[in-house]
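See structure below.
The values are calculated or read from the model by the stated rules, or taken from the named source; none is laboratory data. In this text, all values refer to a predicted model and were calculated from it rather than measured experimentally. FYI the Cβ positions are ideal-geometry reconstructions off the backbone, even for glycines, and counts take in every protein chain you see. What goes into the accessible areas is simple: the full protein's heavy atoms, side chains included, and nothing from ligands, DNA or RNA. Shrake-Rupley method; radii C 1.70, N 1.55, O 1.52, S 1.80 Å.
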Amino acid sequence: MSETPEPAGRLDHHVEGHVGYVTFNNPSKFNAVNYDMWCALPVAMQALVNHPQVRLIVLQGAGEKAFVSGADISQFNTHRNGDASTHYNEATQAGYASVLDCPKPTLAKIRGICMGGGLGLALNCDVRMASSDGKFRMPAGRLGLGYAYDGVKRFTEVVGTANTADLFFSARIFGADEALRIGLLKQVAPVETFDEVVNAYVQMVCENAPMTLAAAKRSLLELRKNPEERDLATVKAMVDACFTSEDYKEGRKAFAEKRTPQFKGQ
């Protein structure tokens, strides 16, 4: 009698209200990302970017043990060796870029293990929140992998040059409290209340004006570019559009009436 093959990991996405969720679903391997999942990530992100109701995109891992433990090492011999490595690297870079360059705000909801490619994905989000059992590591030095310049640059943008050097040189495991201290995380919450804390933050963001969020996010994207490459005209147009929007009128009215504004993104 043949054994039932282990199910392959998959990438899921869905929408709840104004929130889009991307879920790395490979719990038997601590949500390690395989080649097909990397390929599916830009598609999922674009679908949520195109969804008119989505104001914030949350990246998360299935289950309670991991956000993303990294790339699926079992595929290294077949997908990260010889000519095949070119296609694999292109897929991973496209996946990372779909998160880093996303025009809508992004949040990494980190429970448990967040290492390697998972840590890279988390750093490509705008905001990172973790449960107190979070475990982090950049293990490239233990695997003999070369880490791309853009990836190292992103680490320095988030945690600074000295901390980036430490994390890459030591390849050590560190906890959520240290991740918070070095600026990798916005907040750490107890495991028991983590979902509640994240949901409260998500709700707070989604209550804000979508056009304002979009303009702020566009400014953040332009800031990462070289000065001569920045499209400040588009940023200015987006900011100006906020002041002529119905949402701006609603915001002022709600403030005067001491109530929560009901923004429509127009």
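Here is a yes/no grid of residues against (1) open to solvent by less than 50 Å² (accessible area, probe 1.4 Å); (2) at pLDDT below 95; (3) closer than 18 Å to Y149 by Cα:
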site	(1), (2), (3)
Q60	yes, no, no
Q75	yes, yes, no
T78	no, yes, no
T92	yes, yes, yes
K104	yes, no, no
L107	yes, no, no
Among the residues of the range 252-266, how many are free of Cβ contacts under 8 Å to residues at least 12 places away in the same chain and either basic (K, R) or open to solvent by less than 100 Å² (accessible area, probe 1.4 Å) (or both)? 7
Looking across the range 115-142 at residues that are free of Cβ contacts under 8 Å to residues at least 40 places away in the same chain and open to solvent by 20 Å² or more (accessible area, probe 1.4 Å), the single one that is nearest to L184 (Cα to Cα) is R137
In the range 8-23, is there at least one residue being outside any loop (DSSP other than H, G, I, E, B), among the hydroxyl-bearing types (S, T, Y) and more than 17 Å from V99 (Cβ to Cβ)? no
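Kindly check whether there is at least one residue in the range 168-189 that is more than 15 Å from F136 (Cα to Cα) and modelled with pLDDT of 95 or more. Give the derivation first.
First, pick out the residues of the range 168-189 that are more than 15 Å from F136 (Cα to Cα): 189.
Now drop any that are not modelled with pLDDT of 95 or more, which leaves 189.
The answer is yes; a qualifying residue exists.
If a residue counts only when it is acidic (D, E), surrounded by fewer than 16 Cβ atoms within 10 Å (Cβ to Cβ) and in contact with a helix residue (DSSP H, G or I) (Cβ under 6 Å, 6 or more places away or on another chain), which helices (runs of 4 or more DSSP H) contained entirely in the range 163-251 have at least 2 such residues? So that I can check it myself, show each step before the final result.
Numbers: elements: 176-181, 194-206, 210-223, 232-243.
The helices (runs of 4 or more DSSP H) meeting that bar number zero.
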Over the range 22-50, the set of residues open to solvent by 60 Å² or more (accessible area, probe 1.4 Å) and under 17 Å from P210 (Cβ atoms) is N50
Take the range 112-162 and flag every residue that is modelled with pLDDT of 95 or more, acidic (D, E) and assigned to a helix (DSSP H, G or I). E157
Where a residue in the range 205-226 is closer than 12 Å to D247 by Cβ and its partner, wherever it lies, is among the aliphatic types (A, V, I, L, M) and open to solvent by 40 Å² or more (accessible area, probe 1.4 Å), with Cβ under 6 Å and at least six apart: A215/M238; A215/V239
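Anything in the range 80-90 that is assigned to a helix (DSSP H, G or I) and either at pLDDT 65 or above or open to solvent by 40 Å² or more (accessible area, probe 1.4 Å) (or both)? List them, or say none.
Initially, the range 80-90 is screened for residues assigned to a helix (DSSP H, G or I), giving 84-90.
Scanning the range 80-90 gives S85, T86, H87, Y88, N89, E90.
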Give the residue, chosen from G160, G112, that is touching a residue at least 40 places away in the same chain (Cβ under 8 Å), on the phi > 0 side of the Ramachandran plot, more than 11 Å from the chain's Cα centre (by Cα) and open to solvent by less than 50 Å² (accessible area, probe 1.4 Å). G112
